Amino acid sequence: MSLENKYNLKSPGVKRLMREARELAEPTEEYFAHPLEDNLFEWHFTVRGPPSTEFEGGFYHGRILLPSQYPMQPPNIILLTPNGRFEVNKKICLSISGHHPESWQPSWSIRTALLALIAFMPTPAAGTIGSLDYTPEERQILAKKSINWECQICGKIAETLSSQSKSSNITQEEASLIQQIALKAEEDANRKEKSADKKEDSDETNVRQRVTINTPSAETINEPITDVIMETEVSINPSTVDQVFNVVVWVIVFVIVLLIGRRFFLLE
Ligand SMILES: [Zn+2]
């Protein structure tokens, strides 16, 4: 049965994925992605290792799992080719993938996720979920090996990408998005260094309190701390909102007191 007959074409997620499949049908030099023959919500992709990095010359293959609420929720990316940067067979943590749903925008796409993945590969692992800290030499060896890597479904992955240098026409929005993602990784790395130095400004204290509340024995483990940093990022906004709310309440109380006072004064 073809995909067209299998799915409800009125569903926004299905429509959207059909459109993305048409737009991505031609392999580019940097990436290629296609839905599985029998499942529109699972795609396989190949990306080329970014040039001038330890991934240069490598081909990396993986799965993209689309939630039923896509594009309202982000895709999950799972790498299958050993690469030394991300664990294989594990959902990886890009700031736009499933582990960080609060930063995903429905206007982003599978293409955006792949461009972000390519941009993200050379950034420091910094202990984020699913990240590996291999040396450049180990990564270069894996890049060479990846040329012969085969997917059980797609075959030899090095042959799935176009060899012609075609510009992939990155829009300005995509370029700034990709930059944001790289920056986010650096920020996270800096934060981790700070907390290792036990430098406790108010944010860090917050983080530490949460660590003790959520995971009593987590001081020495990397993963919970990363998770917790995400939580603080989320919780900064509500506390700012609270402060603004408090100020507004006090202004209202002040005005009421002023009005009452004025009335008494006028009555006398
Ligand atoms: Zn495949």
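The values are calculated or read from the model by the stated rules, or taken from the named source; none is laboratory data. It should be emphasised that the depicted structure is a prediction, and the values quoted were computed from it without experimental measurement. Cβ coordinates were reconstructed from backbone atoms using ideal geometry, including for glycine residues, and neighbour counts include every protein chain displayed.
Structure notes:
- Of all residues making up the stretch 51-75, the number that are surrounded by fewer than 19 Cβ atoms within 10 Å (Cβ to Cβ) and within 16 Å of the ligand (Cβ to nearest atom): 1
- Residue among Ala113, Ala189 that alone is in a helix (DSSP H, G or I) and modelled with pLDDT of 85 or more: Ala113
- Ile110 falls short on exactly one of the conditions (1) over 18 Å from Pro124 (Cα atoms); (2) within 16 Å of the ligand (Cβ to nearest atom); (3) out of contact with any helix residue (DSSP H, G or I) (no Cβ under 6 Å at 6 or more places or on another chain), and that condition is (3).
- Count of residues meeting criterion [touching a strand residue (DSSP E or B) at 6+ places or on another chain (Cβ under 9 Å) and either within 16 Å of the ligand (Cβ to nearest atom) or not assigned by TED's automatic domain parsing to the domain that holds Pro27 (or both)] in the stretch 117-158: 12
- Output for the stretch 24-50, where each listed residue is away from the ligand (no atom under 11 Å from the Cβ) and aromatic (Phe, Trp, Tyr): Tyr31, Phe41
- Scanning the stretch 126-152 for residues that are buried (at least 18 other Cβ atoms within 10 Å of the Cβ) and part of a loop (DSSP other than H, G, I, E, B) yields Ala126, Thr128, Ile129, Gly130, Trp149.
This table checks each residue for (1) surrounded by 18 or more Cβ atoms within 10 Å (Cβ to Cβ); (2) of a type in the set (Ser, Thr, Tyr); (3) in contact with a strand residue (DSSP E or B) (Cβ under 7 Å, 6 or more places away or on another chain).
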position: Lys10; (1), (2), (3): no, no, no
position: Leu24; (1), (2), (3): yes, no, yes
position: Tyr31; (1), (2), (3): yes, yes, yes
position: His44; (1), (2), (3): yes, no, yes
position: Gly49; (1), (2), (3): yes, no, yes
position: Trp108; (1), (2), (3): yes, no, no
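- Selected residue [touching a residue at least 12 places away in the same chain (Cβ under 8 Å) and on the phi > 0 side of the Ramachandran plot] from Ala158, Ala126, Ala119: Ala126
- Each residue in the stretch 224-268 was checked for being β-branched (Val, Ile, Thr), modelled with pLDDT of 65 or more and within 30 Å of Trp104 (Cβ to Cβ), and 3 of them qualify.
- When residues of the stretch 77-91 are limited to those that are over 17 Å from the mean Cα position of the chain (by Cα) and closer than 17 Å to Ala33 by Cα, the one farthest from the ligand (Cβ to nearest atom): Thr81
- Screening Met72 with (1) in a loop (DSSP other than H, G, I, E, B); (2) out of contact with any Pro (no Cβ under 6 Å at 6 or more places or on another chain); (3) within 22 Å of Thr171 (Cβ to Cβ) gives one miss only, at (2).
- Tabulated pairs, the stretch 97-115, first under 21 Å from Glu23 (Cα atoms), second modelled with pLDDT of 85 or more and in a helix (DSSP H, G or I), C-beta under 6 angstrom, 6+ apart or interchain: Ser109/Glu20; Ile110/Glu20
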